[in-house]
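What follows is a single structure, written as structure tokens, with notes after it.
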Amino acid sequence: MMMKFFAIFVAALTAENLFFTRAFDVYGLRELHRSPKKMLLFGGLTTAVLAVAGPVAYGINKLIYGLPFYYYINGITHLLILVGLYAGVYWLLKKYQPKVFELVGKYLPYAAINCCTFGSLLLAAKDTELDRWWKALAYHCGAGIGFTLAMLLLWSVRQRLSSCHASKSFRGLPLQMITVGLIALALVGLTGNQLPA
Amino acid sequence: MSVNERPFPHIRSEERSPLMMLDTAIALIPPFFMACFYYGVRSLAMGAMTITAAICANWISSLFNGRGIEWWDASPVVTGMIVALMMPASIPFYIPVIAAVFGILVVKFPFGGTGNNLFNPAAAGLAFVSVCFGDQLLSYPVPLEPLPMTVDEGIKLVQGPASMLKMGAIPTISVEQLALGNFAGPMGTTNILVIAACLVYLLVRKNVKWYVPAAYLATVSCFAACIHHENITAGESIVLELVAGSLMFVAVYMLSEPVTLPKRPMAKVLYAVTAGIITMLFRYYGVAIQSAVFALLLTNAFSPLFDYMAERARVLERRAIRENE
Amino acid sequence: MKMNKNHWYARFLRGTKGVFRGNPVLGAGLALPFVVVAASSLQTAVGLSIGALLTMLPVGLLIPLIMQKIPEQFRWLDYPLRALIAALFLMPTRVIVGAISPALMDSVGVYFSLLCVSTLLFASRAMTVEEQRLEKVLLELTRLWLGLTMVLLLVGICREVLGNGTLWGKPLTWMKIRFSAVMVSGLGFILLGFIAALGQKIHRSVLFVCLWIGKNGRTVKDKIVHFGERPPKENKNKISGEIPEETADHEQIPEGKEQE
């Protein structure tokens, strides 16, 4: 069981990386780019949300899977899980832990409800190999940590990119996109040429 | 007052010297001779076309970068030679040309030309072409059968030892075949002894630090010794893993590319070890593809991180020494 | 130097903010999943852009209305409410876009559902409580949508032509080589980077042309007017530069004031 957990965790982290392979992004990344601590906090929040919402989504998915209109209510059900989790955490933190709320409150909405968390829940619902709750947990933890590591990798490359003698048309977003693209191309060596959707 | 216009970091060796690129180009000529011996003049024609395409792409990129055409830049020659030598000798000519042009126009041009690229252009071009035309890149002609200029379907194509290892089979290569490079594989990567001799040349000319390929090959050997087929010994496994695919070629020519390699010695060792780990992980868990090239491309992204870590370690070490005094 | 062409260009950019200058994808890097991975052909690009419109419009119109009614302590629900409204409207959108082509929904997969948490929904300043006027909200949303559509269509066409050698499913005879690597997310990022660089290059070139046109006009020196003088009338004869006789008599500076 541990080997399987580890295998799914590593696969979700590297081969099916949320940022490089699937290109899920998050709002509010621009202000995080300068600070690795904020990025770690943000990534930690995303992973925590996924770790809690993942098994819950697994359970609810099992209940609604057989329904005829599953295809249509799939999205809103998983979104309601995330919204419920966000609302609960927001209210609890504000009431009982105001200091933690000050630290975390700014990033909480963006970390809880974004392409990464929502997309990861949907992909896990679709994946037939994740038939146990702990497999889903491994997948979501790997996905969240993979996303955080991807952000940190981009941060580490940022200074080198800004010191290149690139022409003015390529400075800023174009160079970042090309770097991310080349890293994603390198990861194809693990996954092969498959569309992840 | 003279201003240092070199890009950060400023602690670096004379990596933009044309002599360094010329040395690497000279070290790439012997594999071309061996390719011509095994596969005929077609290999030389492929090399010439790829080098010309790389040089033209470099001229175009330097023109659009606003610094005028850099006529005497030798780095695209090295890129073209590496790309050509990593291809099977029977591949259509347009494939290595596309690889070289992609490498220069996507990896060198946006970043600002020679000396500024973050990734290895040859590795990126090979990765692109491996994803586009993967099957054609993994089928090799039989050596010592000269190929005609236009290759049709009558040519016999076989799998290389890397694909066989991936599928769990044990390739049967005798010691003489190993020593002479007389087995199916990419054009310039099967001649291990020739590549080793070229490594000695590059070490003597101080283009390559000895610990970089040593760390890489040591990491790969450790993995090969620990994880291998039941019917072969650890030693045989090490030899097979080093010989299969383009691992030795990448270790000698592509790993120590001066622009993408980190600058501090500790960072270089870390870089080589990481490249070795990622190569073997790709070989065991990845798809059938040139793993060493993809692993190198991924490790290039970690190069600034290793430099940063080595720099921080040095700062902390100095601080500790000062506090102890 | 005449700056009127620059002013014209600046006015054009302000009027099309969100399409060219503040393009959400090329300028701010929003809505990446759709452009980089999901837009693998022209059909999917059209489907995604319709989906984006039908999710953005309701969110943009309803959120300011709802937020005005809600008491201030619940204003933090703004963010999840946008996603929920978009998810509600995603259900009929799925039917509409599926009618274009059934294969479209299969190839897009999970990415269609991601439209309800797209970063584009959270990027528009018009969709806030303070913005009262409906037409301003609609205008900004339309511009953002046009910007996204432009990039989606461009990327979709490039990827379909280079990767499959087809356009809207119809094969192109002149495209002999298939670069199937273009369908991988890595090449999607690289293509987006190049399109963004092309956009910046076009912007800089237009600025350069405007400045070059302006250089051939009068210089700033001609426009300096001394105290008490009336500015000279437009002189079409640039070589002679004579002051017309009408103004000469009226512009005598009083002698006392010259010394000041």
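The values are calculated or read from the model by the stated rules, or taken from the named source; none is laboratory data. Since the structure is predicted, the reported quantities are computational estimates derived from the model, not experimental observations. When we count neighbours, we look across all protein chains shown, and the Cβ atoms used for this are built from the backbone with ideal geometry, even at glycine. Heads up: the accessible areas ignore ligands, DNA and RNA and are worked out on the full protein's heavy atoms, side chains in. Shrake-Rupley method; radii C 1.70, N 1.55, O 1.52, S 1.80 Å.
Here is a check on your reading of the model: is B:ASN324 of a type in the set (S, T, N, Q) and surrounded by fewer than 21 Cβ atoms within 10 Å (Cβ to Cβ)? In short, yes. For region B:173-207, a residue qualifies if it is of a type in the set (Val, Ile, Thr), open to solvent by 60 Å² or more (accessible area, probe 1.4 Å) and over 13 Å from B:VAL239 (Cβ atoms), and the qualifying residues are B:VAL200, B:VAL204. Quick one: how many residues across region C:147-168 are assigned to a helix (DSSP H, G or I), open to solvent by less than 30 Å² (accessible area, probe 1.4 Å) and either free of Cβ contacts under 8 Å to residues at least 24 places away in the same chain or out of contact with any Pro (no Cβ under 8 Å at 6 or more places or on another chain) (or both)? Count: 9. Of the residues A:TYR27, A:TYR58, the single one that is open to solvent by 40 Å² or more (accessible area, probe 1.4 Å) and part of a helix (DSSP H, G or I) is A:TYR58. The residues of region B:280-325 that are among the hydrophobic types (A, V, I, L, M, F, W, C), outside any helix (DSSP H, G or I) and more than 23 Å from B:LEU217 (Cβ to Cβ) amount to a single one, B:VAL287. Examine region C:51-70 for a residue that is of a type outside the set (Lys, Arg), assigned to a helix (DSSP H, G or I), surrounded by 19 or more Cβ atoms within 10 Å (Cβ to Cβ) and touching a Cys at 6+ places or on another chain (Cβ under 7 Å), and state whether such a residue exists. Within region C:51-70, one or more residues are of a type outside the set (Lys, Arg), assigned to a helix (DSSP H, G or I), surrounded by 19 or more Cβ atoms within 10 Å (Cβ to Cβ) and touching a Cys at 6+ places or on another chain (Cβ under 7 Å). Filtering region B:89-121 to residues that are open to solvent by less than 10 Å² (accessible area, probe 1.4 Å) and part of a loop (DSSP other than H, G, I, E, B) leaves B:ALA89, B:ILE91, B:PRO110, B:PHE111, B:GLY112, B:GLY113, B:GLY115, B:ASN116, B:ASN117, B:LEU118, B:PHE119, B:ASN120. Among the candidates A:GLY172, A:GLY189, the residue that is at pLDDT below 90, within 14 Å of chain B (Cβ to nearest Cβ), over 14 Å from A:LEU13 (Cβ atoms) and crowded, with 23+ Cβ neighbours inside 10 Å is uniquely A:GLY189. Considering only region A:104-158, how many residues are under 12 Å from the mean Cα position of the chain (by Cα) and among the hydroxyl-bearing types (Ser, Thr, Tyr)? Result for region A:104-158: 5. Remark: pairs (first residue in region B:222-251, closer than 29 Å to B:LEU28 by Cβ; second residue part of a helix (DSSP H, G or I) and of a type in the set (S, T, N, Q); Cβ separation under 7 Å; 6+ apart in sequence or on different chains) = B:ALA224/B:SER237; B:ILE238/B:SER221; B:GLY245/B:SER291; B:LEU247/B:THR279.
If you go through region B:211-260 and keep only what is assigned to a loop (DSSP other than H, G, I, E, B), surrounded by fewer than 23 Cβ atoms within 10 Å (Cβ to Cβ) and of a type in the set (A, V, I, L, M), you end up with B:ILE227, B:ILE232, B:VAL259. Considering only residues that are away from chain A (no Cβ under 13 Å) and either over 22 Å from C:SER49 (Cα atoms) or free of Cβ contacts under 8 Å to residues at least 12 places away in the same chain (or both), which ones fall in region C:59-102? Matches in region C:59-102: C:PRO64, C:LEU65, C:ILE66, C:MET67, C:GLN68, C:LYS69, C:ILE70, C:PRO71, C:GLU72, C:ALA99. Residues that are in a strand (DSSP E or B), in contact with a Phe, Trp or Tyr (Cβ under 9 Å, 6 or more places away or on another chain) and modelled with pLDDT under 80: does region B:132-149 have at least one? There is no residue in region B:132-149 that is in a strand (DSSP E or B), in contact with a Phe, Trp or Tyr (Cβ under 9 Å, 6 or more places away or on another chain) and modelled with pLDDT under 80. Taken over region B:16-72, the criterion of being within 14 Å of chain A (Cβ to nearest Cβ) and outside any loop (DSSP other than H, G, I, E, B) is satisfied by B:ILE60, B:SER61, B:SER62, B:LEU63, B:PHE64. Can you spot a residue in region A:151-168 that is of a type outside the set (Ser, Thr, Tyr), part of a helix (DSSP H, G or I), in contact (Cβ under 8 Å) with a residue 12 or more places away in the chain and more than 10 Å from every other protein chain (Cβ to nearest Cβ)? The answer is yes; a qualifying residue exists. Looking only at region A:90-120, residues that are without any contact (Cβ under 8 Å) to a residue 40 or more places away in the chain and surrounded by fewer than 19 Cβ atoms within 10 Å (Cβ to Cβ) come to 14 in all. Exactly one residue out of C:PRO171, C:PRO92, C:PRO102 is open to solvent by 10 Å² or more (accessible area, probe 1.4 Å) and either closer than 23 Å to C:LEU57 by Cα or aromatic (Phe, Trp, Tyr) (or both), and it is C:PRO92. Residue count for region C:169-198 under the criterion of being within 16 Å of C:GLY156 (Cβ to Cβ), more than 7 Å from every other protein chain (Cβ to nearest Cβ) and outside any helix (DSSP H, G or I): the result is 4.
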